[in-house]
Structure formats: C-alpha cells, structure tokens
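Here the structure comes first, spelled out in structure tokens, and everything after it is commentary.
None of the figures in this text is laboratory data; all of them are computed from the coordinates on show. In this text the structure is predicted, and so the values were computed from the model without any measurement.
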Amino acid sequence: MVLDRLIAKSPFAVVVTAALEESRRRGDRRLGTEHLLLGLLRDPECARALGADVEEARAALDRLDRAALAALGIEVEGLRPAEVPVKRGRLTPGALTSNARAVVNEAIRGKPREPVELLRALLKVTPPDPAADLMAELGVDAAAVHRLLVSPNDP
C-alpha cells in the first residue's frame with residue numbers, strides 16, 4: 001500500500017502528516033490537495049519556492065471558503081469556527097480525496113520521496129482543484145515555481 005511506505009519520519013512523510021493535521025485542524029473529514037499544499041508550506045524549501053507561509057495560506061483558504069458560502073447566500077462573517085476535536089488516527093487510502101491520491105502517487109512514482117516532488121505534482125493541478133484555487137489566491141505562478149525547482153539534471 002502506498003501510504004504504508006510513506007508513514008515514516010522521512011521529510012516526505014512529515015509533509016503528508018502535516019497535511020493530515022491541517023485537514024483535521026479545519027474539521028475536514030478527508031485529506032485533499034489543499035491540505036497537501038498547507039503541509040508543504042511547513043517545509044522551508046517549498047515555502048520559499050511558493051513565496052508564502054502556512055498562516056497566509058490558511059487565511060487564503062478561509063477566504064475561499066467564505067466566498068464559496070457567500071455565493072450560496074450563506075453569510076459567515078462574525079461566526080466563530082466550531083471547536084474541532086483532534087483525532088490521531090492512521091492515514092488510510094480512504095482518507096485522501098481522489099485528486100490528493102493522484103498527486104501523491106505521481107510524486108512518488110519512480111522518484112525520490114522528497115517534499116519537492118510532491119510540490120512538482122501539485123503544480124500540475126488545475127482549477128477547480130482546491131490546491132490550484134489556493135495557489136491562485138496566494139498569487140503563486142506555478143510555471144515560475146516549477147522553473148525554480150528544475151535542477152540541472154532534469155530534462
């Protein structure tokens with residue numbers, strides 16, 4: 001199983017674990033690409049490449065959520081977030097959205113398991129994927145970030 005190979009203390013696993021914590025922090029039942037992006041922002045190299053930090057991204061994701069709810073006629077200004085119990089369960093394949101699973105699989109397929117590989121895979125997602133929307137809200141230029149990440153050994 002893909003996730004069993006990742007659950008360790010490698011930098012890649014630390015990012016995936018951080019993503020799971022972000023999904024729980026937001027009260028989400030599943031881990032999506034937006035959570036993977038938040039997890040990557042805890043990695044200094046990825047945060048530098050994206051030109052953002054996790055707090056800024058959390059605020060941007062909250063703005064996107066409020067805008068989506070407002071589009072449905074639901075006004076949430078002034079409401080406090082509910083307290084979310086933090087559960088410490090095992091990360092299972094069912095905990096990932098299909099897009100998040102595809103991104104993780106691409107990041108590890110025949111490549112070293114490094115956070116930068118996960119970032120490269122996330123840079124390929126397009127709207128309406130939540131990570132693509134979040135990167136747009138943060139003003140991230142995916143092509144520019146990808147160019148920053150290209151090493152001399154890359155084709």
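Key figures for this structure:
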read-out	value
Under Karplus coefficients 6.51, -1.76 and 1.60, residue-wise ³J(HN,Hα) of segment 64-76 in Hz, glycine/proline x	4, 4, 4, 5, 5, 5, 4, 4, 8, x, 9, 9, 10
Lys124 long-range amide H proximity, modeled H, under 5 Å	none
Cut-off under 5 Å, modelled amide H: who pairs with Leu31 long-range	Leu96, Thr97
